[in-house]
C-alpha cells in the first residue's frame, strides 16, 4: 500500500511540475532568438524583418517554428560533426524542441521586462558596441543599367594619425541586392586617390597598382558573411595615414540604383600580441588542372599545398560560386596527424561565412593542406546560371567559378 501511495505521490508531483513548467517567450525563447537570430534580424540588418521584440516573434511564430525545425534557419553550412567553430549559429535539438513546445503551448509571453528583447549573456555584447571608426565611399556610385557585371575600385582615406589595431571588422553593404562581393584592402603608398570609381577593366586603373598593397585582404564580404571578431590579443594592423581600397563586384542591374558601402572598424582594447595575415588556396593550386567545369559534368578538384612556415590559424573563409556543391578541407602535420578543418555538404552561394576557430590552431611548417571541391554544371543544379549549361572556368563573374579557401593566421 505504501508503495502505491509513493508512486501516486511521485506521479502527482511530476504532473504538477510539468504543468508549472510553462514554456514562455521571455524565459525560454528570447534567449534563443537573441543568441542565434538578432545579429541579422534587426533594423538595418541582413534579415528581411526584425526579431528584436516579442511582437516581432509572436506574429511569425509558426514560420519561425518551420524554418528552425527544418534547419533552414539560422543558416550555418559547416558540418558540426566534422569541426566546430566559435561563431556557430545553428540550433541544438533542445533549442528547436523549445521553440516547438512554446508554439504548441500557446505562445505565452511570460513576465516581460520591456517590449524590446533583453540581451542575454556576454556573447552578444559585440553587437551592441559602437564602431571606433566608420569609413564609407565618398559619394554614391550609380550602377550601370546595361545589365553588365561591374567591378569598381573606391578610394577611402582613413584619416588615421597613428597605427590602428583592429579587433573586429564589419562591412556594411549599401546595396545588398546588387553587391556580389567586396574586398577591402590597405594602401600605404598615398598614391591611389585617383583610382576612386574606376572600373577594374579601365587601363588607367593599372597605373595605380604598380606598388604592392600593404594588405591585399583586410576583409572580404560575401553574401551571408557577418562581422569578424578576433580573439583577445590578436588584431589586424592599419598603419597611420593609410587608405582603404574597396574592390566591389556589382551584379547586373536593369534599374537605376546606387550604392554607398562602408566598413566599421572596432579597435582592440587589449594589448596586441599577434598581427593577423592572410593565406590563400586558389584555383592555380589544384592538382588536376585545368580548372574547367565542362557542360553537363560534375567534376571534383583537388589541392595539396604544403605550408612553408608555422601558422596559427584563426579563421577560414571558403568561396565558390553557383556551381559549387561541396567542399572539405583538412590538414596533415609532419607527424601525420590529421586535423579536420571544415566540411560543407550543401554549398549555398547566398550563405557564405568566415568561420572562426574556437582557439587558434597551430600548424607547423611542412603541414600539408588538402582541399576537395565538387561542382555541378548540369541542368539538375537549380542554381546553374546558364541554361543550357556551358563550359565554365575561373573568373570573378557570377557565371564564372572559383575555388578558394582563405586563412586568417598569425
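FYI, it's all coordinate maths here, none of it is from the lab. Predicted, not measured: the structure shown is a model, and the values here were computed from it. With ideal geometry, Cβ positions are generated from the backbone for all residues, glycine too; neighbour counts draw on all protein chains shown.
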Mind pulling the angle between the C-alpha long axis of helix 2-20 and the longest principal axis of the chain? Nearest 10 degrees, somewhere in 0 to 90.
40 degrees
Of 279, 301, 201, which is the most mobile in a GNM of the chain whose springs link Cα atoms less than 10 angstrom apart?
201
Rounded to the nearest 0.05, what FRET efficiency do residue 275 and residue 295 have when you use their Cβ-Cβ distance and R0 = 45 Å?
0.50
So, in nm, how far is label residue 312 from label residue 365 when the simple model puts each one 7 Å beyond its Cα toward the Cβ?
1.8 nm
At 7 Å along the Cα-to-beta-carbon direction for both residue 333 and residue 133, put a label point, then send me their distance in nm to one decimal.
3.7 nm
Between the range 241-258 and the range 32-70, how many Å separate their Cα centres?
29 Å
Taking 77, 236, 27 and counting other beta carbon atoms within 10 angstrom, the fewest-first order is 27, 77, 236
What is the order of 200, 297, fewest Cβ neighbours within 10 Å to most?
297, 200
Whole Å is fine, so just give me how far the alpha carbon centre of the range 395-410 lies from that of the range 192-209.
22 Å
Could you grab the relative contact order for the range 19-124? Cα pairs under 8 Å, six or more apart, rounded to a whole percent.
44 percent
What does DSSP give for the chain in terms of the percent of beta bridges that are antiparallel, rounded to the nearest 5?
95 percent
Obtain the nm distance between the two label points defined at residue 92 and residue 69 by a simple spin-label model: each point lies 7 Å from its Cα along the Cα-to-C-beta direction.
2.1 nm
Got a sec? How would 185, 320 order by Cβ neighbour count within 10 Å, fewest to most?
185, 320
If each DSSP helix of 4+ residues adds -39,500 (n - 2.57) and the sum is divided by the residues in the chain, what number results at 222 nm, nearest 500 deg cm²/dmol?
-4000 deg cm²/dmol
Estimate the FRET efficiency between residue 62 and residue 393 by the formula 1/(1 + (r/R0)^6), using the beta-carbon distance for r and 45 Å for R0, to the nearest 0.05.
0.50
Helix 93-104 against the longest principal axis of the chain: what's the angle in degrees, Cα atoms only, rounded to the nearest 10?
60 degrees
Nearest-0.05 FRET efficiency for residue 191 and residue 160, computed from C-beta distance (R0 25 Å)
0.90
